[in-house]
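Asks: The structure that follows is given in the form of structure tokens.
Any read-out appearing in this document is the output of simple, stated calculations on the displayed coordinates, not a laboratory observation. None of these values were measured; they are calculated from a predicted model. In this analysis, Cβ positions are derived from the backbone assuming ideal geometry, glycine residues included, and neighbour counts consider all displayed protein chains.
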Amino acid sequence: MKERTSALYSKYVIDGIRMDVTPGQMLDSACGQTPVQDEFEPIVDERVDPDPAPDTYDSNRIGDYLEKTAEPVARKVPAAYADSFTRGCIARSLIDVIWREGHFRLDDLQVHAAWKWNGEPVGSMAAFYASAEAACDYLDGLGLPLAGYSYSESRSNSVSLRCMLSNASEERAMEEDEPIFNELPFRTLRPRFGTRRKCPATLSGSEDTWLIYIPFDSCSFRLGGSLLSEALGTPGGKAPDIMEPDYFIDCYEVVRELVEDGIALSGATVGDGGLMTALGRLCGEMGIAADLSGIMKAYGENDMTRVLFAEVPGVLIEIRDYDFDYLDAELLLQDVAYYPLGRPLRNGGKITVSDTDTISDILSSLMSEGAIEGED
């Protein structure tokens, strides 16, 4: 039986306002359990507000910034960005399994969440409440169950997510009574969830391919709560407002099909450290002269640093020339935006970026020639 700690089952008074439910009640409901009534004294705290002013970054130091975000680190939940950070963690955890072997869809998955928390600093417990609330709301929007959760005391604040096949999916695989509802497109019949990657994590080594960026949310590129702002010791301004679970679902389903069908030759999750950090991981010994003009024009953005290091959840995939028409048609059908960044280069892993349109003529020629479509 889960320990009923005061952090989970106390009523919270935040900024003088009494919250209607406890974190434990929210999380129990997300797990499909009967919520437990509060049993402890109220926890009184106040929110830590983010610095509204954005920091100034130097686009000439992008290489230096990449060095600071390239190495994996244990992320601490920033108190001022606990809600957006938690939604981003859920999104990235789900995307991380999109590359696996097997046959599954997003709604075949469930998530287990674990919070390790230091409740002593001012604003910390308000941040935990915001994190638990954001997790429940975002999973509800995605239509995914919470498989379980845990809370333990720690010296720093962190949230970790683990994705797995949902119990309902495993039960469906055994059902025979209503076979019509076990058929696609209603749900996956006998979903399988592998432990190895089907899609490699580094580029294929060919220069006759394309790197495609697909953000899974249309929020603005902001650096608040990012790995870069953490590494530089700066507040970062506002955080990405990750609030479109319906769009995430559309993106997830189409990319998962590209992975299962072998259209994606390689792929990387855009998460901690943003797009630039994902490019560094994916390229390996290859490189790229990445053209950001399409992204910056679409978003009305004039700062490459925000585009490259904001932690908007998404993917980078590598596709063949002759699959470009197929990818374009599939993403257009789902109304999913994508951005070609350019071709891989054999240049010893050097990555350069620009906001000058260098690839539109190549793409126009490629598509006007009626490139051979990939597999259905």
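Asks: Give me the percent of DSSP beta bridges within the chain that run antiparallel, rounded to the nearest 5.
Replies: If I count the DSSP bridges inside the chain, around 70 percent turn out antiparallel.
Asks: Could you pull out every one of the lysines with an alpha carbon less than 30 Å from that of Lys297, ignoring same-chain neighbours closer than 8 positions?
Replies: Lys68, Lys238, Lys350
Asks: Please give the calculated 222 nm ellipticity per residue for the chain, where each DSSP H segment of at least 4 residues contributes -39500 (n - 2.57) and the sum is spread over every residue; nearest 500 deg cm²/dmol?
Replies: Helices in the chain give a 222 nm mean residue ellipticity of -9500 deg cm²/dmol.
Asks: While we're looking at this one, here's another question. Compute the distance from the alpha-carbon center of the stretch 263-333 to that of the stretch 18-88, in whole Å.
Replies: 26
Asks: Run through the DSSP bridge list for the stretch 199-376 and note the antiparallel percent, rounded to the nearest 5.
Replies: 80
Asks: Taking only C-alpha pairs under 8 Å that are 6+ residues apart, what is the relative contact order of the chain in percent?
Replies: Across the chain, relative contact order equals 19 percent.
Asks: Now a separate question. Counting other beta carbons within 10 Å of each residue's own, what order do Asp107, Asp55 fall into, fewest first?
Replies: Going from sparsest to densest Cβ surroundings: Asp55, Asp107.
Asks: Give me the extension gain from Thr56 to Ser354: residue separation times 0.36 nm, minus the current Cα-Cα distance, reported in nm with one decimal.
Replies: Taking Thr56 through Ser354 to full extension adds about 105.4 nm, to one decimal.
Asks: How long is the gain from Leu333 to Asp140 if the chain were fully straight, where each residue apart is worth 0.36 nm and the alpha carbon distance is subtracted?
Replies: Separation in residues times 0.36 nm, less the Cα-Cα distance, equals 67.0 nm.
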